[in-house]
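The values are calculated or read from the model by the stated rules, or taken from the named source; none is laboratory data. Being a predicted model, the structure only gives us computed values, none of them experimental. Positions of Cβ are generated from backbone atoms using ideal geometry, with glycine treated the same way; all protein chains shown enter the neighbour counts. Side chains are part of the model used for accessible areas, which takes the heavy atoms of the whole protein and leaves out ligands, DNA and RNA. Shrake-Rupley method; radii C 1.70, N 1.55, O 1.52, S 1.80 Å.
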Amino acid sequence: MPTASAAPLDQRSEVLWMEGVDKTFNGNVHALKGMSLRVGEGDFISLLGPSGCGKSTALRLISDLIHPTRGRITWAGGQHAGDLGVVFQEPTLMPWATVAQNVWLPFRLRGKTYTSVRDDVLEALKLVGLEKFQNAYPRELSGGMKMRVSIARAMVTHPRLILMDEPFAALDEITRFRLNDDLLELKDKIGCTVIFVTHSVFESVFLSDRIVVMAARPGRVIRELTVDAPYPRDDAFRTSPEYAAHCRAASDALHEAMEQAA
Amino acid sequence: MTAIDDRSATPEIVDEDEARRARARKLDKIGKWTLPVVVMIITVFLWDRLVVWNEIPHYILPGPLLVFETLIKDWAMLFDALMVTLQITLMALAVAVLGGVGLAILFTQSRWVEMSFYPYAVILQVTPIVAIAPLIFIYVDSRIAGLLLCAWLVAFFPVLSNTTLGLNSADHNLRDLFRIYGATRWQRLRYLQLPSALPYFLGGLRIAGGLSLIGAVVAEYVAGTGGIGSGLAFRILEAGYRLNIPRMFAALILIAATGVIIFAGLSFLSHMLLRKWHESALKREG
Ligand SMILES: Nc1ncnc2c1ncn2[C@@H]1O[C@H](COP(=O)(O)OP(=O)(O)O)[C@@H](O)[C@H]1O
Ligand SMILES: [Mg+2]
């Protein structure tokens, strides 16, 4: 398991890097142009930008669902099964399977029986506070609980990188705040590396230590900000002047991104 | 943790709206069973009166009592016939399920196979069975095999088309997830596509159950002469030639009852398989 407290940003060993990645759809839609990104171990990176700026495209490229038109994506030491966990905007659970069976899925697809990984599954459920619901079906859970199951599934294999595409966008504000807190608690416990897509300035500042601001048409990175506040962060951080300053900086960058697109 | 705890809480305050809704639900539940029975009793009563008051001879329209007596009197023969028809129906349904699901799986595994054969499945479906059946009985020697083939032709299409639709309707994000986790084709079929297709398949199965009975009956009509080992349709034909109208009615009632039982059985199966997770099996609240 990775160490819980990550090294300073510039000393972290690399997980993955993107070099000059372009993605063009239908010959003329430049979803992504010249994106370079270095992902270090323990990073919590937010991709922040207006819709259509290629955030989802970047994640799909990293998950190898689509391939770059130009440029390269490289995993340090090569990519192996279970290196990646994903959380989508929808919980994306299998409705016919129980909570525990859903979390088992990444293992199951690697040919592992439930009994051989039961401890890992229950541990993951415990981390998201759902160990009592292992035998429930998804439809019995609230939206926030389903999202927790989805997060448990993404981290059950202790992947080197977790991708999250606007995971909390469809939830109400209160649930979202709680999940933000819980996500940081998780990061503190298991020290995961995350790329988190959002269009909320506040969410990106609260969660991440690096914010990559993107603009649309063509989709590209226009600025990278660092949020150097130490983890664990709590409600006190949400009301600190430091937080407000970071929010203003991110907000300015986002405005710039929207103006460039317009 | 909201969703589950709320349900176990015992309500102490009586809300007028909820009480009214509960009463309406209760009435609905009773009405669902009693109303059809009442309609049935009234219909049978009117049927009886119609025959008696108009002094209609029994070789034109027999009264319900006479039909019932015939059903009892001819039970041995009618029951044998029922077993024959039922056997053809169930075998055809079984083959329709195997063939329909098998073809659907083949279609989703290969676009080429689907493109090549789907049009022919449609052609088979849209050509009326009564038009094909005589040909089948010319080329197929075994009577049973001919009947089976006819019933299968009628029944397999809804299974095929529904299952194909279901296999292709798996959630897009789940498909992506399976790809990201490096699922094999077999794993995707087994863990994602087949469960996704289950509700669709069961819908098709319910239709196919009724259709295979229709197919079996129609095929028997076309096959005509039989003697030993003849089904209900043949008994109806035969009774018609002899102007034994009460027996025609008795056989007809048996066919209808069989259809209802098949439908109810398949609906029950569908409910049991889906009740834990599928929306269609949920009871609406409020
Ligand atoms: N499969 C695709 N085919 C064509 N255009 C696409 C496809 N996927 C994304 N795009 C386009 O690429 C751009 C970036 O999309 P996306 O990455 O989804 O943006 P975001 O997630 O930031 O909202 C959009 O203009 C979108 O319409
Ligand atoms: Mg998106």
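Under 6 Å between Cβ atoms, at least 6 apart or on separate chains: pull out the pairs that start in region B:181-192 with a residue that is at the interface with chain A (Cβ under 7 Å from one of its Cβ atoms) and end on any residue that is open to solvent by 50 Å² or more (accessible area, probe 1.4 Å).
B:182/A:81
Could you list all residues from region A:189-226 that are more than 16 Å from ligand 1 (Cβ to nearest atom) and closer than 19 Å to residue A:14 by Cα?
Matches in region A:189-226: A:190, A:191, A:192, A:193, A:194, A:208, A:209, A:210, A:224, A:225, A:226.
Out of region A:151-172, which residues are within 16 Å of ligand 1 (Cβ to nearest atom) and either open to solvent by 10 Å² or more (accessible area, probe 1.4 Å) or over 12 Å from residue A:86 (Cα atoms) (or both)?
Those that are within 16 Å of ligand 1 (Cβ to nearest atom) and either open to solvent by 10 Å² or more (accessible area, probe 1.4 Å) or over 12 Å from residue A:86 (Cα atoms) (or both): A:165, A:166, A:168, A:169, A:170.
From the list B:35, B:66, B:27, pick out the single residue that is at pLDDT below 95 and surrounded by 12 or more Cβ atoms within 10 Å (Cβ to Cβ).
On the way: B:35 fails: surrounded by 12 or more Cβ atoms within 10 Å (Cβ to Cβ); B:27 fails: surrounded by 12 or more Cβ atoms within 10 Å (Cβ to Cβ).
Testing whether each residue is at pLDDT below 95 and surrounded by 12 or more Cβ atoms within 10 Å (Cβ to Cβ) leaves just B:66.
This table checks each residue for (1) more than 16 Å from ligand 2 (Cβ to nearest atom); (2) away from chain B (no Cβ under 14 Å); (3) assigned to a helix (DSSP H, G or I).
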site: A:154; (1), (2), (3): yes, no, yes
site: A:159; (1), (2), (3): yes, no, no
site: A:162; (1), (2), (3): yes, no, no
site: A:170; (1), (2), (3): no, no, no
site: A:176; (1), (2), (3): yes, yes, yes
site: A:179; (1), (2), (3): yes, no, yes
site: A:183; (1), (2), (3): yes, yes, yes
site: A:188; (1), (2), (3): yes, yes, yes
site: A:202; (1), (2), (3): yes, yes, yes
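Of all strands (runs of 3 or more DSSP E) completely enclosed by region A:25-110, which ones contain at least 1 residues that are in the same structural domain as residue A:133 (by TED's automatic domain parsing) and within 13 Å of ligand 1 (Cβ to nearest atom)? Can you show your working first?
Numbers: elements: A:29-40, A:44-48, A:70-75, A:84-87.
Result: empty, no element qualifies.
Between a first residue in region A:49-74 that is away from ligand 2 (no atom under 14 Å from the Cβ) and a second residue that is charged (D, E, K, R) and in a helix (DSSP H, G or I), which pairs have beta carbons less than 9 Å apart while being 6 or more apart in sequence or on different chains?
A:64/B:179
Among B:232, B:213, B:243, which is away from chain A (no Cβ under 14 Å) and either surrounded by fewer than 18 Cβ atoms within 10 Å (Cβ to Cβ) or of a type in the set (Asp, Glu) (or both)?
On inspection, the qualifying residue turns out to be B:243.
Residue-wise test of (1) open to solvent by 30 Å² or more (accessible area, probe 1.4 Å); (2) within 13 Å of chain B (Cβ to nearest Cβ).
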position	(1), (2)
A:10	yes, no
A:21	no, no
A:29	yes, no
A:47	no, no
A:61	no, yes
A:68	yes, no
A:72	yes, no
A:81	yes, yes
A:90	yes, yes
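With respect to residue A:227, determine if the residue is more than 16 Å from ligand 2 (Cβ to nearest atom) and in the same structural domain as residue A:37 (by TED's automatic domain parsing).
So residue A:227 passes the test.
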